[in-house]
Amino acid sequence: MQKLLLLVGLCVLVAHLEATCPRKLVCTFQSIPNLNTANLNNFNMASHMEPELCTHIVFKSVQPDNAMVIPSSGGPIQDHHNFNLAFPSATAKTLLEVDLTQTSSAIFAPLNMATFNTSVINVVDAAGFDGVNILWSQSHENEQDKIGFTALMQELNAALEEMPGTRLLTASVSGVPSDIDYSYEVPQLALVVDFFNVMTADLDRTSTPGQFAAAIAGMQKLVAKDAPKAKLNMGIATYGFDTNNANPKIWAKYQACVAPASSSTVRVDSAATIDAKAQHVVDEEFGGAFMTSLQLDDFDGVACAAGPFPVIQRVKDVVCP
Ligand SMILES: *[C@@H]1O[C@H](CO)[C@@H](O)[C@H](O)[C@H]1NC(C)=O
């Protein structure tokens, strides 16, 4: 009996520790293969996903149509449904990503914004997401859209706050300093988002192994623009690139681990670099890490022989000690 009680106690403790990561470990998931990615393994939601590996899962992504309405089924909405079916008691927060990078500036007109808001809120409500992650940036001066993006986020925040339960609003933002200048009214956005996912994952793909100066510069830029550090999640990739290509092809971690030795142009973060990036998150007191992507890590642990999700697990060991 005492042994049993001890065991139960340990289980409760472990479950508690699992649920109380002091930082965020936000992971993206996308089942639709990126066209730039060769030979994707089939990720099976029920058998491969580890529901408590990450604190938040961002399901990528839907885009509004010309009427500024997002789809209400398929893609990430189906993936999220499959996740809930397989893991009904998962505690990880789920976010629907809406990608606005291909959407025209017309979305920032008040009537379109209202249509967009209604469609997003309806889908989040019907599908039972814990919140929305909006992806947007621009790489040229356009003050009107920069202001429009703030207004859109303020409207979504107001709408999400009216919903029952706690709903999150987050933003995936550029990690390129000039794009940050062009795109975001950082202090205003910081008031309405729960956190920023900074897309620094592949900024340092061609630099010296072990160095990530571009990622550091992007994070510093947001801090300089008064983003609270605790709301910044630094992007870290689970994949690499074949740099011997004008349009570098993505190599999933499971591909990189079994790449022939001749593939000297394949760049993927070493264990030491992954550890250094995760430690940077801790040392700088950022909110957490933003991992792209679950399905590009060695999710079944076969190719790298280092257990399932070796990259995300390595980061987790540092940011969720
Ligand atoms: C957004 O849409 C929801 C759902 O239709 C609505 O309840 C809410 O009032 C809207 N919010 C704003 C700020 O327009």
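The values are calculated or read from the model by the stated rules, or taken from the named source; none is laboratory data. A quick note: this is a predicted structure, and the numbers were derived from the prediction, not measured. Positions of Cβ are backbone-derived with ideal geometry, glycine not excepted, and every protein chain shown enters the neighbour counts. The accessibility values were calculated without ligands, DNA or RNA, using every heavy atom of the protein model including side chains. Shrake-Rupley method; radii C 1.70, N 1.55, O 1.52, S 1.80 Å.
With the other protein chains left in place, how much accessible area per residue, in square angstrom, belongs to the chain at a 1.4 angstrom probe?
Numbers: 14740 Å² over 321 residues.
The answer is 46 Å² per residue.
Take every Cα pair under 8 Å in the chain that's 6+ residues apart, average their separations, divide by the length, and report that relative contact order as a whole percent.
On the way: 602 pairs, mean separation 57.2, N = 321.
It comes to 18 percent, rounded to a whole number.
List the pairs from 93/277; 225/249; 146/316; 93/249 whose alpha-carbon separation is above 29 Å, in the order I gave them.
Values: 93/277 23 Å; 225/249 33 Å; 146/316 34 Å; 93/249 31 Å.
Those over the limit are 225/249; 146/316; 93/249.
Obtain the nm distance between the two label points defined at residue 185 and residue 226 by a simple spin-label model: each point lies 7 Å from its Cα along the Cα-to-C-beta direction.
In this crude label model, residue 185 to residue 226 measures out at 1.2 nm.
How long is the gain from residue 246 to residue 142 if the chain were fully straight, where each residue apart is worth 0.36 nm and the alpha carbon distance is subtracted?
On the way: separation 104, 0.36 × 104 = 37.44 nm, distance 2.91 nm.
Taking 0.36 nm per residue and subtracting the Cα distance, the gain is 34.5 nm.
Show me the three semi-axes of the equivalent ellipsoid for the chain, from the C-alpha gyration tensor (sqrt of 5 times each eigenvalue), largest first, rounded to whole Å.
Details: eigenvalues 176, 130, 81 Å².
Value: 30, 26, 20 Å, ordered largest first.
Charges only on Cβ, +1 for Lys and Arg, -1 for Asp and Glu: so what's the dipole of region 181-321 about the Cα centre, in debye to the nearest 20?
Values: 11 positive and 16 negative charges, 36 e Å.
It comes to approximately 180 debye.
Three principal axis extents, largest first, for the C-alpha atoms of region 118-249, in Å?
49, 31, 27
Multiply the residue gap between residue 259 and residue 276 by 0.36 nm, knock off their C-alpha separation, and tell me the result in nm, one decimal place.
Taking residue 259 through residue 276 to full extension adds about 3.8 nm, to one decimal.
With runs of 4+ DSSP H residues as the only contributors, calculate the mean residue ellipticity of the chain at 222 nm using -39,500 (n - 2.57) per run, divided by the residue total and rounded to the nearest 500.
Details: 11 runs with 125 residues, N = 321.
Roughly -12000 deg cm²/dmol at 222 nm, from the helical runs in the chain.
Per the 1.4 Å probe, what fraction of the accessible area of region 281-321, in percent, lies on carbon and sulfur atoms?
On the way: 700 of 1420 Å².
That fraction is 49 percent.
Can you tell which of 156, 216, 138 lies farthest toward the positive end of the dipole of region 118-232, using +1 and -1 charges on the Cβ of basic and acidic side chains (Lys, Arg; Asp, Glu)?
Ranked along the dipole, the leading option is 216.
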